[in-house]
Each structure stands twice: as C-alpha cells, then as structure tokens.
Amino acid sequence: MESAAVRGAVLSLVALAALGAMGRSSVAWPGNDAAEVGSALGAPSGRYGPGERVSVPAALVVATSRGELVVPVAGERGHPAFAVGLLAKVLPVASQVDGDWAEVTFGGQPFRFLLDAPWLIHSGRVVPLAGGAYRARDTLFVPLQWLADYVPRIFKEGYRYDPLAARFEEAGLAPVVRTTSPPASRGAAVARRPSPIPGGPLRYAHKVVIDPGHGGEDGGNPGLFFPKGVQEKDVVLAIALKLRDELVRRGIDVELTRTTDRRVNLVERARRCSGDCDVFVSIHVNSLRPRPGYQEVSGFETYFLGAEVTAEARRVADMENEALRYETSIDPSQDDAFAFILKDLQTNEYLRESAALAEAVQRNAARIHPGGGRRIFQADRLAVLRAARRPAILIETGYATNRTDARFLASPEGQRRLAVSIADGIVEYLMQYERKIAAGESW
C-alpha cells in the first residue's frame, strides 16, 4: 500500500508539472470542496482528504430509467471505491486503462485518472480527490467521490446523489451522449441485484458457471463399473443438468459450458466465468489404474489451484489434462503457462475464496456420498482452472473404479442427491461472500 502511495505521489508531481508547463490546465487544490465531499458521503464532519478514513457504505444503489442495480463498495484502499465497469448496465459509462492512466467516459465526457493518484483531470482541470482510482483483480475501481459528488455537479439536471440512502439516481432526462465510447469493461465485482426469491438465504442475485467435464470425442474415463456404454462425460453432464436446475430453483443464474455431448476447449472453459459470474465449478469422475486394492478407493474430492501439491493431486491433474491432446492450438509439453501460475500463486486474489468454496462444497457432499469425503487437494497444473478469474474448483464426484461409487453416480437418485449437496455448498459459500460485502470487504 505504501509503495502505491509513493508511486501515486511521484506520478502526481510529474503530471502536474507537465500540465503547468503546457499552460493548458488549471489546478484545484484541496480545500472547502473536499470537506463538503466528506459530508456528502456520510463521513464525520471535518476535513475529508487523502489518507483519512471515512465511513464506507456497503453498497451503492444506482437507479435510472434503464433499471436499478446494487454495486458493492470497497474500502480496501482507505477510501470508498467501486468497480466502474458495472455502471454500463444502467448508465452511459465506458472505461479503459492505458498504462498508468484510466479514462472513464460519462455521458460523452472523458474523466482521466492517474492510477493510485488522488485526483482526476476533467476539461483541462485537475480535481483533487480523497483517494485515487486503482486496479485490483483485473478490475478498474474509481473513487465513490467521483460519482457521488463530482458527476452530479457536472450533470446538474441529469443526476443526483442521496448520501443517506447511498443512492445515485436519474433526476429527469439523462445528458445527451455526444461521442461514441468503447464498450465498458466488465469488472470482477458483481452488480448486485436483489435476489429473485424474497426471504431466501441469499440477499443478492448471483451467477454460477458449471462445467461438465470432457464431452464429444473426449469421453473421459470409461467407467469400469458404469453400465455398458456409459462414460464419464455422460455422468457429469447428468449431474450438471440437475445441479443447474437446483441452483435455478434457489434463484441463482446458471451457465453451463456444455448442455449436450460436445467437446469444449479445455482452457477456455473457466473463461466463461467472467463479468457477473461469481463461481466456477468443473465436474468430473475419478478413476485409478489397476493396482492392488484400487477398486476399494472411493469418495468425493475437491480441488482448487494452489501450491501445496500432493502426489495424488498431480495424478488427477495429469489425468484431467489428458484432454489437452484434443486441442490443436495447445502444446502440452510447454510448461510456461503453468510456471506462470506457480509464480503468481502467492498473490492470487482468489486463492482464499477458492479454498472457502472448496471447503463448503466438500463438507456438504461428504454428508451424502456413500464413500464419504476423502479430502480437499491443491493442484498446480489443472488446466481447466488456470484461466479462472473467479473462485474456481474442480470436483471429483467419486470413483468409477469403485463398484459402490459407480452405482451411486450412474443412478438418477444419486445424481440428484449430489446436485442438491453441491448446491448447498455453493449457497453456503455465497452467503459467506455476501457477509463480506456487508462488512465492506472484497476479493
């Protein structure tokens, strides 16, 4: 945090000097306006300036003629900020980042932010802010102060902000968009609509991407004890369809990477979980090569991307990565992508969240599985998870090389019970996530 602050201060001085040298910008230094902004945002009375903490609303409500959404507000940098890409759903907003600069266009007017610097540039004027814009989790966050105070001043007849309700809303006609802007980038945070099921355990709407493993010419493991003609790809698709129905029944949006017997590019599957997606779950069936006692091994396992790798986790990764042989654009012998994952694991923004998701799903599935829950594994080379930009897990629903597990997995009742238990785990995790939102935390 200190390095970001120092960087922002240095860049600020350089940029301000450059602006002054060009003689085409006026500078508004902190003063009474800053104090007024603090009051407007619900901060304690007194000076509201860089480095000072203010009360942070858990979420911002944005209401226009195009709809209403709830946007989580982060306080991780000591000032309220939000993922600006979310606003594009209901406001004339677009954003892009180029190096150290971010440009946000609202109603055709550009606002330029130097990342980590406590000011913005608009119409040749430097406007001081309590905190700067920044990037986190592949997402551009901008200060709430910009939307709550500065935008209503620029578009006086178009929008207003209610600090008591933390509500930004249209006040009549919206401003005319004078220029064509690039599409808004979708942030890693989620536009939080209220849950479609009032009184349910979840307060907000959520989206989950379910990935039934394998498909098409990639049958997965043949299933030693599955009925004749049934392969892993068939069993996991049946479980995924039931899981989809169970989550939809609970008011959760669901996208499947496949709904029929077709192969989907392995490394592209996790990339389906972006934008408003919260969770990625890839479903598989385990198996073992013949060895003494191999048919006795059974149970449910959950994997997430991590560095504490066991021999068993490497075996499963090698088995699931066998699907790479169907990808003509990928050379499985190249380890560069995996090496990058390992290098970046220490700063993986979703590592803890993936672990929490894995724990919730594993615990619930173990209760109903005839083989119980074996354990949670970390894996460093699961290709289907390496592109994930959200909490992501891979589940091995049991062993096709175990007679009891195979019978359970191939039966409609076993598939239903598994789907319900996995849904229970996902909902449990999402409830934990909502409590973090309410507390002003984020990924």
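The values are calculated or read from the model by the stated rules, or taken from the named source; none is laboratory data. Predicted, not measured: the structure shown is a model, and the values here were computed from it. Neighbour counts run over all protein chains shown; Cβ positions are idealised from the backbone, glycine included.
Odds and ends about this structure:
- Residue check, Arg389 assigned by TED's automatic domain parsing to the domain that holds Asn221, at pLDDT 75 or above and of a type in the set (Lys, Arg): yes
- Filter result for Pro194 (surrounded by fewer than 16 Cβ atoms within 10 Å (Cβ to Cβ), at pLDDT below 90 and of a type outside the set (D, E, K, R)): yes
- Filtered residue count, the stretch 378-401, keeping only those that are more than 13 Å from Val236 (Cβ to Cβ), in contact with a Pro (Cβ under 9 Å, 6 or more places away or on another chain) and not in a helix (DSSP H, G or I): 1
- Residue in the stretch 210-230 that is more than 19 Å from Ala406 (Cβ to Cβ) and β-branched (Val, Ile, Thr) present: yes
- Under the condition of being assigned to a strand (DSSP E or B) and farther than 30 Å from Tyr204 by Cβ, the residues counted in the stretch 215-270 number 2.
- Test: residue in the stretch 287-300 that is modelled with pLDDT under 60, more than 18 Å from Thr404 (Cβ to Cβ) and either assigned by TED's automatic domain parsing to the domain that holds Ala358 or touching a strand residue (DSSP E or B) at 6+ places or on another chain (Cβ under 7 Å) (or both): no
- Residue count for the stretch 208-241, restricted to those that are buried (at least 18 other Cβ atoms within 10 Å of the Cβ) and over 12 Å from Ala410 (Cα atoms): 12
- Test for Ala307: is it small (Gly, Ala, Ser), at pLDDT 65 or above and loosely packed, with under 14 Cβ neighbours inside 10 Å: yes
- Residue match in the stretch 200-215 (condition: in contact with a Pro (Cβ under 7 Å, 6 or more places away or on another chain) and at pLDDT 95 or above): no
- Only one of Val104, Val97 that is in a strand (DSSP E or B), farther than 19 Å from Asp149 by Cα and at pLDDT 90 or above: Val97
- Among residues that are surrounded by fewer than 24 Cβ atoms within 10 Å (Cβ to Cβ) and touching a residue at least 24 places away in the same chain (Cβ under 8 Å), Leu91 is included.
- Residue-level check: of (1) at positive phi; (2) more than 20 Å from the chain's Cα centre (by Cα); (3) at pLDDT below 95, Gly440 misses just (2).
- Condition met for Val142 (assigned to a strand (DSSP E or B), buried (at least 16 other Cβ atoms within 10 Å of the Cβ) and modelled with pLDDT under 90): no
- Test: residue in the stretch 324-340 that is crowded, with 21+ Cβ neighbours inside 10 Å and either at pLDDT 90 or above or closer than 23 Å to Ile210 by Cα (or both): no
- Residue count for the stretch 413-433, restricted to those that are over 23 Å from the mean Cα position of the chain (by Cα) and either outside the structural domain of Val254 (by TED's automatic domain parsing) or surrounded by 24 or more Cβ atoms within 10 Å (Cβ to Cβ) (or both): 1
- Note on the stretch 357-370: residues that are surrounded by fewer than 19 Cβ atoms within 10 Å (Cβ to Cβ) and not charged (D, E, K, R) total 2.
- In the condition set (1) surrounded by fewer than 22 Cβ atoms within 10 Å (Cβ to Cβ); (2) modelled with pLDDT of 90 or more, Leu114 is compliant with all but (1).
- Near pairs, Cβ below 7 angstrom, 6+ apart or cross-chain, from the stretch 251-274 (in the same structural domain as Val235 (by TED's automatic domain parsing)) to any residue that is among the polar types (S, T, N, Q) and assigned to a loop (DSSP other than H, G, I, E, B): Gly251/Ser195; Val264/Thr257; Arg269/Thr257; Arg272/Thr257
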